[in-house]
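A short write-up of the structure that comes next.
Each value in this text was obtained by applying a stated rule to the coordinates, not by laboratory testing. These numbers were taken from a predicted model, which means no experiment stands behind them. No Cβ is skipped: glycine too gets one built from the backbone with ideal geometry, and neighbour counts run over all protein chains shown.
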Amino acid sequence: MSLKTIRARFECDGCGREFFIELASDIEGDMTLFDIAVAELSSGFAFHSYVGETRSSIEESFMTSVQAGQHLCPACTRRVDDFVPQEREATADEIAKALA
Ligand SMILES: [Zn+2]
């Protein structure tokens with residue numbers, strides 16, 4: 001049997017909700033699994049599901065992000081991206097305002 005996926009569990013720094021992403025990257029150089037998980041979260045495309053829910057369909061509306069060092073679930077990413085132009089990363093103040 002071959003390894004198919006590795007799943008990482010995050011707690012959203014915005015709302016506190018926990019969610020899973022699935023890691024598809026190969027390990028390069030001296031990256032740890034934690035480094036890879038954060039990189040995949042930042043890429044936005046690895047979302048699997050919120051904890052306690054069945055798998056969500058993979059849609060653009062389920063993008064995750066890392067902005068101003070905060071790990072954000074799809075719902076919080078959407079709220080922040082609606083608040084701040086997507087050409088740049090939101091600041092911590094903007095994230096707090098977007099999620100207030
Ligand atoms: Zn959230």
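Points worth noting:
- Listed from fewest to most Cβ neighbours within 10 Å, the set Leu41, Leu33, Leu72, Leu99 follows the order Leu33, Leu99, Leu41, Leu72.
- In sequence order, calculated HN-Hα J values of the stretch 13-24 (Karplus, 6.51, -1.76, 1.60; Hz; x Gly/Pro): 6, x, 10, x, 6, 9, 8, 10, 10, 10, 8, 10
- Coil-residue trypsin sites (Lys or Arg not before Pro) of the stretch 1-59, DSSP, other Cβ within 10 Å capped at 14: Lys4, Arg55
- Loop-resident chymotrypsin sites (Phe, Trp or Tyr not before Pro) (DSSP state other than H, G, I, E or B) in the stretch 18-100 with no more than 15 further Cβ atoms inside 10 Å of their Cβ: Phe45.
- Degrees separating the helix 33-43 axis from the principal Cα axis of the chain, which is the longest one: 50
- GluC sites (Glu not before Pro) lying in DSSP loop within the stretch 25-100, provided at most 13 other Cβ fall within 10 Å: Glu28, Glu53, Glu59, Glu87
- Expected-Rg normalisation [2.2 N^0.38 Å, Cα atoms] applied to the stretch 6-99: 1.04
- Helix 74-83 axis, angle to the chain major axis (alpha carbon atoms, nearest 10°): 30
- Prolate/oblate/rounded call for the stretch 1-56, Cα gyration tensor, a/c under 1.5 rounded: oblate
- Helical content of the chain, expressed as a calculated mean residue ellipticity at 222 nm, amounts to -8500 deg cm²/dmol (DSSP H runs of 4 or more residues, -39,500 (n - 2.57) each, divided by residue number, nearest 500).
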